[in-house]
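Below: the structure, in structure tokens.
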Amino acid sequence: MLCAQRLGSLAAGLAALRPGRAARGSLGAGIQARRVSTSWSPVGAAFNVKPQGRRLDLFRERRGLFGVPELSAPEGFYIAQEEALRKTELLVERACSTPPGPQTVLIFDELSDALCRVADLADFVKIAHPEPAFREAAEETCRSIGTMVEKLNTNVELYQSLQKLLSDKKLVDSLDVETRRVAELFMFDFEISGIHLDEEKRKRAVDLNVKILDLSSKFLMGTNFPNKIEKHLLPDHIRHNFVRDGDLVVVDGLHAEAPNDLVREAAYRIFLYPNASQLKYLEELLSNRDLLAKLVGYSTFSHRALQGTIAQKPGKPIYPPFKDKMGTIKDFEMMRQMKMKLNPQNSELMPWDPPYYSGVIRAVVHESEGLLGYIYCDFFQRADKPHQDCHFTIRGGRLKEDGDYQLPVVVLMLNLPHSSRNSPTLLTPGMMENLFHEMGHAMHSMLGRTRYQHVTGTRCPTDFAEVPSILMEYFSNDYRVVNQFARHYQTGQPLPKNMVSRLCESKKVCAAADMQLQVFYATLDQIYHGEHPLRKPTTDILKETQEKFYGLPYVPNTAWQLRFSHLVGYGAKYYSYLMSRAVASMVWKECFLQDPFNRAAGERYRREMLAHGGGKEPMLMVQGMLQKCPSIDDFVNALVSDLDLDFETFLMDSK
Ligand SMILES: [Zn+2]
């Protein structure tokens, strides 16, 4: 799955969570809905071909993607897709004619697998393949499988075959825990698309879904749309910072890294100037989501989105304690001082300042480069490769009918620079952390041992999905771990300990302000997707929430929410990253901080968390690992404790 990691570091915090595959879960409901949250299965099986050895062999002739001969050419996707659709029909028939029982769940899982294995592979290829013809063929495959999914979503007979099972209490009680959960997840997928409703309502649900999709894409487009103003409205000396279009100046973003305060301010005020149609799209999107949620039986869209997650249902925001506990006041004070130093006439800290000044402060610290070995995967930059670090599961794990376990296969996609004549590829600490992060997802896939591919590895609730990857970041920031592999590429010397500690500390600088921003965004997302009709216009809610949760004031005549693209993908789940981080932090501190190589803790981690994928309620996994049931306070404290940094010492130390 694609990363929803790294908060706040992107320009002006506009795009805090990376757009993630998990985020798209809401787009394709029903059977298929969960495939987007991760992984793939072997397209090989779609051809009844055993993937041959995966050894890298440069001299053999072209064998086709993932060992599938047909995929040596783009047309192969057509064959794969036809085969998948044919198999789907057979499985639908089987599901409908088999008496209700555990077998039903197995058939559903195979059905899901048949579509996933092709669509997920295509999903990866359309992003990552270097040749356009492959990308286009893959795109087409995604579309046609998507259409099939829509059909299955409204297949009442198929739905009834599952319902027969779940409405028979005796049968349900006879299912093992994982099978039962998977059956319920499938049912949930049906229900959120409204299949249990009478025909008229179902039609209404379909209409609402179509409308929501349409509004989503319009809103998304608008979040990036540049604003233009007449050039004479901008002071002469900053105009050259923006693109010109005749007599107009085009502002296409927040220019958050611009050193000139006035440039950032102008960009902030212009780019965030409220746009009437964008405002209308957002309001309609939110109210249609609310209508859909109510139609399918939830009191708010949040309730619908949070089912099955760690949070389970929207509650009181866990956040208020943050404002006092997080040390943001210190952060803002540091930034204010830095601003005063650089710009004595105008030292008031404004919302367009934090990304720039926190960067200046962090630069205090010199970053070093350490050598990392390699793990084979798609690590290096090339033309047309998206600039995203991702983890794709090429094949999800599952127990096959013959008793064999279908082993998971993943791709780690990074964007590392190539080695040069003079030096090998050297990783910055940031790159290394990304690698560890993605490895965390990979381990989740590798060590997952679910019976069903529907819940393999990273196919778990959004707010649990980042736990394994963030946990790995803690390892990557620990000297005892780094010292195992990081060496100077010429001298072979390990990294000095104080350098590693300094680096780790530098990550905490202004982290509180970053986190506060995330808390503010997450709260906003919850309110927008909570009770409808909303008490106030979205801009008033933004203002109110910002004043309550964020340390810098709302700027009149701006409407940041209209640029908040993650409202679409993460609708009501923006808090997920914070939740995952809190859990990872607890696991790190209670199980690994004392000894990162503690074998027993590692085994427990594998057994209690990774092995279950999405096959167990996430909160039960957390309990199994921590051997206690964490409270809201524990979650909050876990986040807050990561922010501890002695600024004075840090600053003095680094002069
Ligand atoms: Zn991630």
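Read the figures in this text as sums done on the coordinates, not as results from a lab. Since the model is a prediction, treat every value here as computed from it, not as a measurement. Note that we place each Cβ from the backbone using ideal geometry, even for glycine, and neighbour counts take in every protein chain shown.
Greater than 32 Å separation of Cα atoms is the criterion. Which listed pairs, Lys201/Lys536; Lys341/Lys548; Lys231/Lys536; Lys497/Lys589; Lys231/Lys508; Lys203/Lys543, meet it?
Over 32 Å apart, Cα to Cα: Lys231/Lys536; Lys231/Lys508; Lys203/Lys543.
May I ask which residue of Gly194, Pro226, Thr179 lies farthest towards the positive end of the charge dipole of segment 115-244, with charges of +1 (Lys, Arg) and -1 (Asp, Glu) on Cβ and the Cα centre as origin?
Result: Pro226.
Please identify the chymotrypsin sites (Phe, Trp or Tyr not before Pro) of segment 562-638 that satisfy two criteria: DSSP loop assignment and at most 12 other Cβ atoms within 10 Å. Which are they?
Phe597
Could you compute the net charge surrounding Glu178? Neighbours are other residues with a C-beta less than 10 Å from the C-beta of Glu178; K and R count +1, D and E count -1.
Taking every Cβ under 10 Å from that of Glu178, the sum is +3.
Amide H to amide H, which residues 5 or more places from Arg459 or on other chains are under 5 Å from it, using H placed in the peptide plane?
Here Gly614 satisfy the definition.
Give the lysines whose C-alpha is closer than 17 Å to that of Lys218, dropping any in the same chain fewer than 8 places away, or say none.
Lys280
Between Lys203 and His240, what FRET efficiency follows from the Cβ-Cβ distance if R0 is 60 Å, with the result rounded to 0.05?
Efficiency, rounded to the nearest 0.05: 0.60.
Compute the distance in nm between two label points, each set 7 Å from the Cα along the Cα-to-Cβ direction, one at Glu157 and one at Lys628.
Going from the Glu157 label point to the Lys628 one covers 5.5 nm.
Apply the Karplus parameterisation 6.51 cos²θ - 1.76 cosθ + 1.60, with θ equal to phi minus 60°, to every residue of segment 193-201 and state each ³J(HN,Hα) to the nearest whole Hz, in sequence, with x for glycine and proline.
Once θ is set to phi - 60°, the couplings for segment 193-201 become 9, x, 6, 7, 7, 6, 4, 5, 5 Hz.
For segment 221-231, what does the Karplus curve 6.51 cos²θ - 1.76 cosθ + 1.60, with θ = phi - 60°, yield as ³J(HN,Hα) per residue in whole Hz, taken in order and with x for Gly and Pro?
Those phi angles translate into 4, x, 5, 9, 5, x, 9, 10, 9, 5, 5 Hz.
Where does the charge balance sit around Met443 when Lys and Arg score +1, Asp and Glu -1, over other residues with C-beta under 15 Å from its C-beta?
Local charge sum for Met443: 0.
Would you mind getting me the FRET efficiency between Asp173 and Arg599? Use the beta-carbon distance for r and R0 = 35 Å, nearest 0.05.
Once rounded, the FRET efficiency stands at 0.40.
So what are the ³J(HN,Hα) numbers for segment 594-603, from phi and the Karplus equation (6.51, -1.76, 1.60; θ = phi - 60°), rounded to whole Hz, Gly and Pro as x?
Result, ordered by residue: 5, 8, x, 9, 4, 5, 4, 5, x, 5 Hz.
Amide H of Leu416 versus every other amide H placed in the peptide plane: which residues, excluding those fewer than 5 positions away on the same chain, fall under 5 Å?
For Leu416, the qualifying residues are Phe380, Gln381.
Compute the Cα gyration tensor for segment 164-224, then decide on rounded, prolate or oblate, letting a ≥ b ≥ c be the square roots of its eigenvalues: rounded whenever a/c is under 1.5, prolate when a/b is larger than b/c in the other cases, and oblate in all that remain.
Judged from the Cα gyration tensor, segment 164-224 comes out oblate (a/c at least 1.5, b/c at or above a/b).
Just tell me which aspartates and glutamates come within less than 16 Å, Cα to Cα, of Lys169; anything on the same chain fewer than 8 places away is out.
Glu184
What lysines does Lys87 reach when the alpha-carbon gap must be under 17 Å and sequence neighbours fewer than 8 apart in one chain are set aside?
Partners found: Lys151, Lys400.
Can you give the net charge of the other residues whose Cβ lies under 13 Å from the Cβ of Ser347, counting K and R as +1 and D and E as -1?
Residues close to Ser347 contribute a combined charge of -1.
Please give the FRET efficiency for His232 paired with Glu82, using the beta carbon to beta carbon distance and R0 = 56 Å, rounded to the nearest 0.05.
With R0 = 56 Å, the Cβ-Cβ based efficiency is 0.40.
Kindly rank 449-460, 145-156 from highest to lowest mean number of other beta carbons found within 10 Å of each residue.
Highest mean packing first, the order is 449-460, 145-156.
For labels at Ser217 and Ala133 in the simple 7 Å Cα→Cβ model, what's the distance in nm?
For Ser217 paired with Ala133, the spin-label model returns 2.7 nm.
Give the residue from Leu639, His612, Ile541 lying farthest towards the positive end of the charge dipole for segment 528-654; charges sit on Cβ (+1 for Lys and Arg, -1 for Asp and Glu) and the dipole is referred to the Cα centre.
His612
Is segment 102-213 rounded, prolate or oblate when judged by the Cα gyration tensor, a ≥ b ≥ c being the square roots of its eigenvalues, rounded requiring a/c under 1.5 and prolate requiring a/b larger than b/c?
oblate
Measure off 7 Å from each Cα along the Cα-to-Cβ vector at Glu348 and Leu262, then give the distance between these two points in nanometres to one decimal.
In this crude label model, Glu348 to Leu262 measures out at 1.7 nm.
State the extension gain, in nm to one decimal, for the chain segment bounded by Tyr273 and Ser419, taking 0.36 nm per residue of separation less the distance between their alpha-carbons.
So the extension gain works out to 48.1 nm.
Counting only residues 5 or more places away or on other chains, whose amide H sits under 5 Å from the amide H of Leu272 once H atoms are built in the peptide plane?
Excluding prolines and chain starts, which carry no amide H, there are no hits.
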